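What follows is calculated from the coordinates using simple rules that are stated; it is not laboratory data. Please read all numbers here as calculations on a predicted model, not as lab measurements. Backbone-built Cβ (ideal geometry, glycine too); neighbour counts: all protein chains shown.
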Amino acid sequence: MGNWKRLFLTLLAGITLSWTAAGVAVDLAPDQTARVTLRSRLEGQFIVRGVPFPPSVAPSREGNIRTSAPDTGKEWPESVRLDPSTVIVVCERIKQIFLQELGLTDLWKGMIEIDIDFYPKGILRPITLSHRLMNDGLHTQMKIADEVVPHRLIEAIVQVLLLEYSNRDLRQTQMAEVPLWMIDGMTQLVMQRGGPALIPTPGALKTFTIEKTNPVKTAKSRLKTIQPPEFGQFTSPGPEFSSGINWMIFQDASLVLTWELLNLPDGKARYCHNLRLLKNYRNWQLAFLEAWKGQFSNLTDVEKWWALVLVNSRKDPGRNAWTLKQSIEKLNEILAEASVSTIAQINQPRHPSTIHLQQIAESWAPMVQIYFFERIAAQLKAFELAADPVVAELAGRYRITITDYIRQPRIYAFFGKDAPSRSDLRVLKKRLNYLDNEREQLQLNASTTLEEPNQYLFLENENEPTKEP
């Protein structure tokens, strides 16, 4: 009888504990019947629904996360709690910066509705966006948890604003897509302009001031500590840019690109025109070239301009954009562009074989040589502006050697093609061999030179999640 009594008391205690734990969980969640709907005062574009849940009395969250925003700094909180009044203020402040940076007036057409839901692990819940292309514009519905990472919240709102502006043509039948570099570039610009004050906190001042300092100074200083990404690399990013240091580099490069484009002549108007043209093209590159017609003729011009941007990002007047080691790597990359796939490799996996400039001059058709060498000379000329002075001088001698060769009088050869004389070819090979030896020696010397530490490695270490004992 005693055993049955002990078993009964054990079951009763388990049921009581389960009921108590369930009661605690229920108490933490806000009463969904208390949901309210607020509309923004800036012409009412934003409608936010949720439970008024002041951050000062909100339930706490457990666990640590790793933020994907490298330049938010330690002033930004790891996560923020949201209620309708907080989100309305955030939306108004982001839109204020967005309109100011693009020189626009508030002529919105599409409504933006935001639903805030309680979620036990809200900080890990993705923000979902759904769009409807209506007769009066693009309408968006955003679903978000009541606790989010600041960068994700700001990025989602900026993305919706860019999409709404790009889809204001009432005649269109297909929604325009905004490239990731434009979304993240504008997001970083908004965060730099607004700072942590973008998201109001209990006890903080109600006034909001937009920062007037240079928003790209920190990003440029970090980019100078690595091999800068080329325009095509980060504007059409692959999976390697989705996390870690590469993601940080992508964010910094997108911010610098956005800022520099906006500061070109008629930059703001062209940037907005670019957004409006996205609906007319299947890829953003065509819309970009159409919007920036007169500034860039093709993507090669954009690559050259981006290289000059990196030059102008030098912190000190006498400092070059690339270090000695980076400059040599870039020079090797330019000269190794003689990588071609032979006819036998067309139906096989592509493994380009490097062909030296000397081989091109000796084996390739004269007219093909001239086209190729002219392209290499143009790349070297742009490279000299950004390279370390020692490497720039070497690149200049490569360029002069190539241009001297292609400008020499040609002998009228068989099939009506201009062919170089054998003496010209011998002089070219001799000069290129001498420059190649000098480049190899310079590369050996650079391997023993101390480089400026990669700042992204420090950021990655700082953003590592902390484990509780």
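Pairwise inverse Cα distances across the stretch 167-292, averaged and inverted, put the Kirkwood hydrodynamic radius at 16.3 Å. A dipole drawn for the stretch 92-233 from +1 and -1 charges on Cβ atoms has a positive end, and of M134, W181, V160 the residue lying farthest that way is W181.
Of K224/K279; K206/K279; K95/K217; K109/K143; K95/K143; K217/K304, which pairs sit farther than 27 Å apart, going by alpha carbon to alpha carbon? Among K224/K279; K206/K279; K95/K217; K109/K143; K95/K143; K217/K304, the Cα-Cα distance tops 27 Å for K224/K279; K206/K279.
Mean separation of Cα pairs under 8 Å and 6 or more residues apart, divided by the residue count, gives the stretch 33-313 a relative contact order of 18 percent.
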